[in-house]
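> Take a look at this one; I'll ask things after.
Throughout, read-outs are computed from the coordinates displayed, never taken from laboratory work. Please read these numbers as outputs of a predicted model, since none were measured by experiment. Backbone-built Cβ (ideal geometry, glycine too); neighbour counts: all protein chains shown.
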Amino acid sequence: MFKKVFKTLFRLFLVVMSVLVIIGLVSYHRYAKWKEDELSKEEIICISDITKESSEGENLEAVIEDKIKQFVLSDTKTDFIVLTEEEMLHLFSENFMEEGDVKVENICIKPSKGVWQLYLKSKYKKISLPWLVLDIVKDNIKTAEVYIREVHVGDLELPTFLQSRVREDLNRGISDGIVMLNENNFLGRRIDNIELLEDRVVFKGTR
């Protein structure tokens, strides 16, 4: 009797393990195909594809600092600062620091009107992690609110409970950052609106 029960449980275990292996292989091949196709698209730009020079041959960091300086010192009540996709990518790369054992190896963006997709390639110790994709969204209303709508590993959705937790944490960080920026008047202006466009981001500020 016990032998029959053991054999049944063992067979069930083998079936479950086989199903998990098949799911794992299918997911791996799907991810590999996505990575090959997605990251070769012309509209995607990555840190690994650009230098620290702008199209005019100027240092990107110096260009960004000059734009911020002009924005802060402007005498007009309402002014704008416009950052190109290369300049935003540079800012992302400067602010995604190595944290503990996790290091961001590459960052890419795919900009479009209202939605910018942010791709992060990280490494945990010596283990290379799959690409994480964040959809950064700005609704068609005049506010400084942007938020993460979806989080994917490649083109695979995270489990609902995990995606909700990650999305909430990221959106709380974005919201707190904008509130702190405005309340502490770091730029000498209040950021009233952010626009995500096809090739640039526009910040509107008022005194």
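> Arrange Y119, Y31 by Cβ neighbour counts within 10 Å, fewest through most, would you?
Least crowded to most crowded, the residues run Y31, Y119.
> Convex hull volume of the Cα atoms in segment 81-194, per residue, in Å³?
125 Å³
> Do any of K77/K110; K41/K113; K67/K126; K41/K69; K67/K123; K41/K103 go past 28 Å between their Cα atoms, and which?
Beyond 28 Å between Cα atoms: K77/K110; K67/K126; K41/K69; K67/K123.
> Shifting gears a bit: First select every other residue whose beta carbon is under 12 angstrom from the beta carbon of V201; then total the charges, Lys and Arg +1, Asp and Glu -1.
-1
> Sticking with this structure for a sec: Calculate the FRET efficiency for V102 and L39 from the Cβ-Cβ distance with a Förster distance of 25 Å, rounded to the nearest 0.05.
It comes to 0.75.
> What's the local net charge at S40, with K and R +1, D and E -1, over the other residues with C-beta under 15 Å away?
Once all neighbours under 15 Å are counted, the net charge is -2.
> Arranged by the count of other C-beta atoms within 10 angstrom, fewest first, what order do D101, D192 take?
So the ranking, lowest neighbour count to highest, is D101, D192.
> Using the Cβ atoms and a cut-off under 10 Å, what net charge is assigned to the surroundings of R167, where Lys and Arg are +1 and Asp and Glu are -1?
So the environment of R167 carries a net charge of -1.
> Taking neighbour Cβ counts within 10 Å as the exposure measure, how do I141, I81 sort from fewest upward?
I141, I81
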